[in-house]
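What follows is a set of notes on a single structure, which appears directly below.
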Amino acid sequence: MNRRSFLISAAATAGAAQAAATAGAAQAGGVTLVVNAPSHGALNLRSGPGTAHPILMQMYNDDWVDVLASSGNWREVRHQSGVVGWAHGRYLVE
């Protein structure tokens, strides 16, 4: 392989790796959503995806979160305070 072929191949490989990393970030989340709490006024942030997991904190209307991952209807999020946990996606809106 000559130098030119090597450089073209290396650039293509780097471009593909960057595209894969970007796609992975999009699948993992990268979306900021706003809390639309249930009628009682607070949405629980839990340690895992489901109501059997302990509550870490309560989030209120207009708090914002960054989505990190999903599991069914649950979203792993980072609350604006920095706390990471799971919340039901039904109460998270754009």
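No lab work stands behind these numbers, since they all come straight from the coordinates. Computed from a predicted model, the values in this text were never measured in an experiment. Every residue, glycine among them, receives a Cβ derived from its backbone with ideal geometry; neighbour counts consider all protein chains shown.
Label 7 Å along Cα→Cβ of Asn61; the stretch 71-94 residues with amide nitrogen under 18 Å? Counting only backbone N, you get 90-94.
Describe numerically, in nm with one decimal, the distance between label points set 7 Å from Cα along Cα→Cβ at Val83 and at Ser70. My value for the distance between the label points is 2.5 nm. The overall shape of the stretch 51-94 is rounded: from the C-alpha gyration tensor, with semi-axes ordered a ≥ b ≥ c, the ratio a/c is less than 1.5.
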